Every structure is written in C-alpha cells, then in structure tokens.
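Heads up, the thing below is written out as structure tokens.
The values are calculated or read from the model by the stated rules, or taken from the named source; none is laboratory data. For clarity, every value in this text was computed on a predicted model and none was experimentally measured. Virtual Cβ from ideal backbone geometry, glycine too; neighbours counted across all protein chains shown. Please note that ligands, DNA and RNA were not included when accessible areas were found on the heavy atoms of the full protein model with its side chains. Shrake-Rupley method; radii C 1.70, N 1.55, O 1.52, S 1.80 Å.
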Amino acid sequence: MRSLLIAQAIIKCFLKCNMLLSVIIPTWNRAHLVCDAINSALNQRPGEVEVIVVDDASTDNTAHMLADTYAEGIRVLRRERRGGSGAARNAGVALARGEFVGFLDSDDVWLPGKFEAELRVFEQFSEAEAVFSDGQNFFERVPDGPSRFVQNGLLEATRGQISWANQCNWLWTNSANSVQTCSVTVRREALARIGTKLFAEDLDCCEDWEFQMRVCHLCRVIVLPKILAHVRRFEDDSRSGRGIPGRTKTRDQELMLLRDRLTVMKRATWLKDLELPLANELDRFRTETANKLSELHG
C-alpha cells in the first residue's frame with residue numbers, strides 16, 4: 001500500500017512538472033472577475049494546463065477567494081508590493097513549466113477550444129514559435145466594435161487564412177496595430193531569446209506592445225485569424241488610470257499613453273535590420289506621437 005501511494009505521488013509530480021501550457025494571469029482587486037479568466041484557462045485541456053495567478057498586492061478579498069475556490073488547483077504568487085502588470089507577468093513567467101506560455105488578463109476570457117486550435121497550428125507549422133489569434137472586445141459585457149484583426153488590418157492581410165506574420169502586410173511597429181495580449185501564445189524555449197524580463201516594469205501602459213514587437217522581431221510568428229478570446233472592459237477602478245479601449249480618454253490618460261508609447265519607440269534600438277515599410281512606419285509613428293505629446297502639453 002505504501003509503495004502504491006509513493007508511486008501515485010511520483011506520477012502526480014511528474015504530470016505537474018510536464019504541463020503542456022502555462023497560463024499567466026496577473027490580477028489586482030478583481031476578485032469579482034478573476035475566476036472567469038481562471039476557469040476559461042483550466043477548461044482548455046484539463047490536466048495539461050497550469051494556471052499561475054500573480055496577485056499584485058490586491059487589497060480586496062482576492063487572496064482568500066483564490067484559496068477557498070481552487071485550493072491546489074492553481075498556483076498563486078502573492079506580491080507584497082504592487083509592481084504593475086509587467087512585473088506581475090514577469091514573476092509568473094519565471095515559474096512557468098509548460099512547453100507553451102500564454103497570457104490572460106484577469107478581466108478577459110478564452111473561448112472553449114482556443115489552445116486546441118493554436119496547438120494544431122503549432123503542429124502544422126513546426127517552425128512556428130508563436131501564434132497570434134484574434135479577439136473580440138466587450139464593454140460591460142456588450143460587444144464593442146469589430147474584432148481586433150479587423151481593427152489592425154490582420155484579417156485583410158491574411159485574407160482569413162492561417163499565415164506567417166512576416167508574409168502579411170502588417171505594420172506592427174505602430175501600437176495601433178498591436179494584438180491583444182491574451183491572444184499571444186509562445187513556445188517557452190523561444191522566450192529565453194527575448195530576455196529574462198519579457199515585459200517592461202517601468203511603464204504604466206504599452207508594455208504589452210513592446211513585448212509583442214520583440215516577439216514579432218525575434219520569433220517566427222503564425223497568425224490565426226479566428227476569434228478565440230473575449231477582451232472585456234468594465235467601469236471599475238482596476239485599470240489604475242489607464243483608459244478603456246474605444247472610450248474617450250481623459251487628458252491624464254492620454255498623456256500617460258503618449259509618454260509610454262514614445263518611451264518604447266525611443267529605446268527600440270534593438271530593432272535591427274527592419275524591413276523598410278516597418279522601419280518607415282516606426283519613424284513616422286514616433287514623430288506623430290512626439291507631436292501629439294507636444295500639442296497636449298500646449
């Protein structure tokens with residue numbers, strides 16, 4: 001009996017250490033929403049997905065709710081001081097053990113079969129190191145505008161077909177053309193090429209765009225033009241001054257966005273040997289952003 005229990009423990013440990021997908025969920029004061037995100041990740045391929053929730057020093061009942069609801073079903077990292085979504089994601093990635101890593105904000109949800117669809121793409125295109133899929137915006141649970149790929153031109157560029165990103169007419173050096181973070185899935189071994197800190201920790205916003213540019217520049221990316229996530233926004237206080245996509249920003253929110261956007265572009269010296277359209281768009285967008293910031297300052 002004792003040997004059987006030991007064998008079961010070894011098998012359990014082996015399975016936990018050989019997860020197929022690690023999902024990083026940063027959260028701050030979203031006890032009322034984070035379970036939706038967690039459940040949508042756990043339901044992808046039960047038993048093959050580890051969910052890592054990074055509680056970024058929440059002051060609501062997030063910690064107790066996670067412990068009571070999931071026990072040992074997920075991994076929870078509690079940060080004593082709030083560091084922002086970039087720092088929280090970095091801390092979560094450092095714990096990841098899956099072959100693939102996905103990112104999911106605590107107010108968003110993955111649709112059933114998301115990872116299954118992406119995994120088929122990885123299997124079909126063995127050289128692919130990352131998959132970008134489409135997502136639909138929601139505001140207060142109501143669809144808000146067209147899908148992200150309609151907005152950023154990827155649906156038109158791919159003609160609705162699975163495509164290599166570098167073969168698409170897609171100017172990802174403009175933040176308006178970025179994809180949603182919850183739609184990015186990357187092979188964990190490829191992340192090492194990006195660096196130990198995948199997301200900037202000194203920005204209030206645009207850290208996701210900077211990360212995506214690194215992925216686009218350093219990895220072989222496949223575009224999957226299928227809506228596999230719902231990106232949800234709510235009128236609450238959990239965005240820490242950041243604007244809500246599709247909604248009019250305050251002056252302070254616009255200043256934050258422009259400053260961080262310009263910071264990302266000014267320090268993008270690592271973008272070497274860009275194709276001319278991408279390089280030209282980066283220069284144009286940098287000038288446009290600097291001018292808008294100057295005008296806003298008056």
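Assign unit charges at the C-beta atoms only (+1 for Lys and Arg, -1 for Asp and Glu), then state the dipole size of the range 69-125 relative to its Cα centre in Debye, rounded to the nearest 20.
With only Lys, Arg, Asp and Glu charged at Cβ, the dipole is about 380 debye.
Across bins of 10 angstrom width beginning at 0, how are the C-alpha pair distances of the range 66-200 distributed, in whole percent?
Each 10 Å bin holds this share of Cα pairs: 10, 35, 39, 15, 2.
Using the charge dipole of the chain (Lys, Arg: +1 at Cβ; Asp, Glu: -1 at Cβ; taken about the Cα centre), state which of ALA67, LEU119, MET19 has its Cα farthest towards the positive end.
MET19
Pull up all non-local amide H partners of ARG232: gap of 5 or more, or a different chain, and H-to-H distance under 5 Å with H placed in the peptide plane.
ASP108, VAL109, PHE138
Return one whole number: the accessible area per residue of the chain in Å², for a 1.4 Å probe.
The answer is 49 Å² per residue.
Subtract the Cα-Cα distance of ASP68 and ARG251 from 0.36 nm times their separation in residues, and report this length gain in nm to one decimal. If you can, show how the numbers build up before the last one.
Details: separation 183, 0.36 × 183 = 65.88 nm, distance 4.08 nm.
That works out to 61.8 nm of additional length.
Just order 188-199, 19-30, 258-269, 125-136 by mean Cβ neighbour count inside 10 Å, highest at the front, would you?
Packing proxy ranking, top to bottom: 19-30, 125-136, 258-269, 188-199.
Hey, rough spin-label estimate for VAL142 and LEU95, points 7 angstrom out along Cα→Cβ, what's it come to in nanometres?
Distance between label points: 3.8 nm.
So which residue, out of GLY145, GLY84, GLY153, gets the largest mean-square fluctuation from a GNM of the chain using Cα contacts under 10 Å as springs?
Of the options given, GLY145 has the highest mean-square fluctuation.
Viscosity 1.002 mPa s, temperature 20 °C: what is the translational diffusion coefficient of the range 155-298 from Stokes-Einstein with a Kirkwood Rh over Cα pairs, rounded to a whole number of µm²/s?
It comes out at roughly 129 µm²/s.
Run the quick spin-label model on PHE234 and ASP283: label points 7 Å from Cα toward the beta carbon, then report their separation in nm to one decimal.
In this crude label model, PHE234 to ASP283 measures out at 4.6 nm.
How large is ³J(HN,Hα), in whole Hz, for each residue of the range 263-277 in order, when computed from phi with the Karplus curve 6.51 cos²θ - 1.76 cosθ + 1.60 and θ = phi - 60°, using x for Gly and Pro?
4, 4, 6, 5, 9, 7, 6, 6, 7, 9, 6, 5, 4, 4, x
Show that you can apply the helix-only estimate: for the chain, add -39,500 (n - 2.57) for every DSSP H stretch of four or more residues, divide by all residues, and state [θ] at 222 nm to the nearest 500. Walk me through the numbers before you get to the answer.
Working: 11 runs with 119 residues, N = 298.
Value at 222 nm, helices only: -12000 deg cm²/dmol.
Using a 1.4 Å probe, how large is the accessible area of SER294, given in Å² and rounded to the nearest 10?
My reading of the accessible area for SER294 is about 70 Å².
For ILE38, ILE162, write out the residues from largest to smallest accessible area, computed with a 1.4 angstrom probe and no ligands counted.
Sorted by accessible area, descending: ILE162, ILE38.
Starting from the Cα-Cα distance between ASN169 and GLU48, subtract it from 0.36 nm times their residue separation and give me the gain in nm to one decimal.
40.0 nm
Taking the Cα centre as origin and putting +1 on Lys and Arg beta-carbons and -1 on Asp and Glu beta-carbons, what dipole magnitude results for the chain, to the nearest 20 debye?
Values: 39 positive and 41 negative charges, 95 e Å.
Using Cβ point charges on Lys, Arg, Asp and Glu, the chain gives about 460 debye.
How far is it, in nm, from the label point at ARG220 to the one at LEU20 when both lie 7 Å from their Cα along the line to the Cβ?
With each label point 7 Å from Cα toward Cβ, the separation is 2.1 nm.
Heavy atoms only, probe 1.4 Å: what % of the accessible area of the chain goes to carbon and sulfur, would you let me know?
The C+S portion of the solvent-accessible surface of the chain is 50 percent.
Quick one, can you get me the convex hull of the C-alpha atoms of the range 24-68 expressed as volume per residue in Å³? Write down the numbers at each step before the final one.
On the way: hull volume 2.9 nm³, N = 45.
So the per-residue hull volume is 65 Å³.
Among PHE199, THR287, ASN169, whose Cα lies farthest out toward the positive end of the dipole of the chain, if unit charges sit on the beta carbon of Lys, Arg (+1) and Asp, Glu (-1)?
Of the options given, the answer is PHE199.
Alpha carbon centre of the range 256-271 versus the range 87-117: separation in Å?
Answer, in whole Å: 25.
May I ask you to compute the full-extension gain from HIS32 to LYS272, defined as 0.36 nm times their residue separation minus their alpha-carbon distance, rounded to one decimal in nm?
Length gained, HIS32 through LYS272: 82.1 nm.
How large is the Kirkwood hydrodynamic radius of the chain, counting all unique pairs of alpha carbons, in Å?
With all distinct Cα pairs of the chain included, I get 20.0 Å.
Can you work out ³J(HN,Hα) from phi for every residue in the range 115-123, in order, using Karplus 6.51 cos²θ - 1.76 cosθ + 1.60 and θ = phi - 60°, giving whole Hz and x for Gly and Pro?
5, 4, 5, 5, 5, 4, 5, 4, 6
Keeping all protein chains in place and using 1.4 angstrom, which order do LEU66, LEU276, LEU171 fall into by accessible surface area, from largest down?
LEU276, LEU171, LEU66
How high is the FRET efficiency from ASN291 to VAL150, r the C-beta distance, R0 22 Å, rounded to 0.05?
Details: r = 28 Å, r/R0 = 1.25.
Between ASN291 and VAL150 the formula returns 0.20.
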